[in-house]
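Peer 1: Can you keep this structure in mind? I'll have questions shortly.
The values are calculated or read from the model by the stated rules, or taken from the named source; none is laboratory data. Keep in mind that what you see is a predicted model, and the values were worked out from it rather than measured. FYI the Cβ positions are ideal-geometry reconstructions off the backbone, even for glycines, and counts take in every protein chain you see. With ligands, DNA and RNA removed, areas are computed over all heavy atoms of the protein, side chains included. Shrake-Rupley method; radii C 1.70, N 1.55, O 1.52, S 1.80 Å.
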Amino acid sequence: MDTVFLNGAFLPVAAARISPLDRGFLFADAVYEVIPVYGSRLFLWTPHYARLERSLAALDLKNPYRESDWHRLLAHLIEVNGGGDLSVYLEVTRGTEPVRDHRIPADLAPTVFALTQPALPPDPALEAQGMTVVLRPDFRWQRCDIKSTALLANVLLRESAREVGAGEALLVRDGCVLEGTSSNVLALHGNTVSSPPDGPLLLAGVTRDLVLELAEQSGFRTRRRTLTADDLGTAHEVWLTSTRRILAPVTRIEGRPVGSGRPGPAYQRIRAAFQKRLQAFLEAPPPSA
Ligand code: PMP
C-alpha cells in the first residue's frame, strides 16, 4: 500500500509532498471519497463517483478529471499496490495559494491525492456480540451532506465514544438521531427498516442505499423517516453502515440492550444478501472486457 497518486504521478508515500499553503491544509478546503475495492475492482463506483461530483459542486470546485480518467488512474493505483480487497481514499483540494487568504483565488490548480488502504479484517467479536454505541449532541456544521475533509468534530465525537468503551457515537440534533461519526444508522421495527431522510445534516451513504435495496429484495419494507432516541430504544435491531465496515449490528445504546441484545436474524439475512451481491459482482466480467 506504499504507492500513492499525487497530481498526476504515482510515487512512494514517503516521497509525496504537499505545500503548507495548500488550502486543504489551511482551511480543509477539500473533499474526499472512500471507495471499496473487491477482487482488485472498484465496487459501487457509480454512486461513489456521483457523490464526489456533488461534493465538488457544493464547493464550486471543478472536477479535475473526466470519469474515465478517474477510473483509469484509480485502477492503476490499485494494481501497483497489489490489488485484492482494499479501499481507495481520494481527496481533491482547491490547491495551493501564494499567500494564506480566506478569499478563494481564481484558477488554482487543484491538488489531487489518492491512496489505497487494506480492507478491515473480519471482526469475530463484532459478529458475535455486536457494537456498543453512545448518543452525543451533534456539534458539526450544517452541511454534513458534503463529504468534506473538515472532520474535526467527527474525530472528537468518535474519541468521546472510545473513551467510554463504545465503538461509535450516534449524533443527535433537535431530538433526531442523524448518523454516526463515520456511519449511517438504520433501525428495524417489525418488518420495516427505517433510516433518516437525506438532507444537509447527514451524509448520503452509499452502503446504506445498497443495504436498503437489499432489505427490499429480502422482503423487508423500507422507510425514510426521522429517528429519535426513543425509536432506537424500541427497535428490534439497529445497524450501522459504512464502506469499510459494511454492516455492523448495534446491540447496546447508552448501556441499554437493543432487542435481544445480540446481533439479530434480520442482520444475518442482510449480511448474507450483501455477500451474494458481492459474489455476483466478482463473477461478472469487468465492463471493459
Ligand atoms: N456518514 C458519515 C459521516 C461518514 O463519514 C460515512 C463514511 N464515509 C458514512 C456516513 C457512510 O457512508 P458510506 O457508506 O458511503 O461509506
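Peer 1: Among the residues in the range 155-176, are any open to solvent by 20 Å² or more (accessible area, probe 1.4 Å), within 23 Å of LEU44 (Cα to Cα) and modelled with pLDDT of 95 or more?
Peer 2: Scanning the range 155-176, I find no residue that is open to solvent by 20 Å² or more (accessible area, probe 1.4 Å), within 23 Å of LEU44 (Cα to Cα) and modelled with pLDDT of 95 or more, so the answer is no.
Peer 1: Can you tell me which residue in the range 18-33 is farthest from ARG103 (Cα to Cα), limited to those that are in contact with a Ser or Thr (Cβ under 6 Å, 6 or more places away or on another chain) and within 16 Å of the ligand (Cβ to nearest atom)?
Peer 2: Ranking the candidates gives TYR32 first.
Peer 1: Among residues belonging to the range 180-202 that are hydrophobic (A, V, I, L, M, F, W, C) and either outside any loop (DSSP other than H, G, I, E, B) or surrounded by fewer than 21 Cβ atoms within 10 Å (Cβ to Cβ) (or both), point out the one that is farthest from the ligand (Cβ to nearest atom).
Peer 2: Of everything passing the filter in the range 180-202, LEU188 is farthest from the ligand (Cβ to nearest atom).
Peer 1: Next up: Being within 16 Å of the ligand (Cβ to nearest atom), within 15 Å of GLN117 (Cα to Cα) and not acidic (Asp, Glu) narrows it down to one residue among PRO12, PRO36; which is it?
Peer 2: The match here is PRO36.
Peer 1: Out of ALA150, ALA114, report the one residue that is touching a residue at least 40 places away in the same chain (Cβ under 8 Å) and more than 12 Å from the ligand (Cβ to nearest atom).
Peer 2: ALA114
Peer 1: Go through the range 212-245 and give me each residue that's surrounded by fewer than 20 Cβ atoms within 10 Å (Cβ to Cβ), touching a Leu at 6+ places or on another chain (Cβ under 8 Å) and farther than 28 Å from TYR89 by Cβ.
Peer 2: PHE220, THR222, ALA229, HIS236
Peer 1: Quick check on my filter: what residues within the range 22-43 are touching a Pro at 6+ places or on another chain (Cβ under 7 Å) and surrounded by fewer than 18 Cβ atoms within 10 Å (Cβ to Cβ)?
Peer 2: Matches in the range 22-43: ARG41 only.
Peer 1: Output the number of the condition that LEU210 fails; it satisfies all remaining conditions of (1) touching a Ser or Thr at 6+ places or on another chain (Cβ under 7 Å); (2) more than 16 Å from PRO249 (Cβ to Cβ).
Peer 2: The number of the failed condition is (1).
Peer 1: Can you tell me which residue among ALA273, ALA280 is aliphatic (A, V, I, L, M), open to solvent by 40 Å² or more (accessible area, probe 1.4 Å) and over 21 Å from ALA169 (Cα atoms)?
Peer 2: On inspection, the qualifying residue turns out to be ALA280.
The rows are residues; the columns are (1) touching a Phe, Trp or Tyr at 6+ places or on another chain (Cβ under 9 Å); (2) part of a helix (DSSP H, G or I).
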position: THR222; (1), (2): no, no
position: LEU227; (1), (2): no, no
position: LEU232; (1), (2): no, yes
position: LEU247; (1), (2): yes, no
position: GLY259; (1), (2): no, no
position: ARG269; (1), (2): yes, yes
position: LEU278; (1), (2): yes, yes
position: PHE281; (1), (2): yes, yes
position: PRO285; (1), (2): no, no
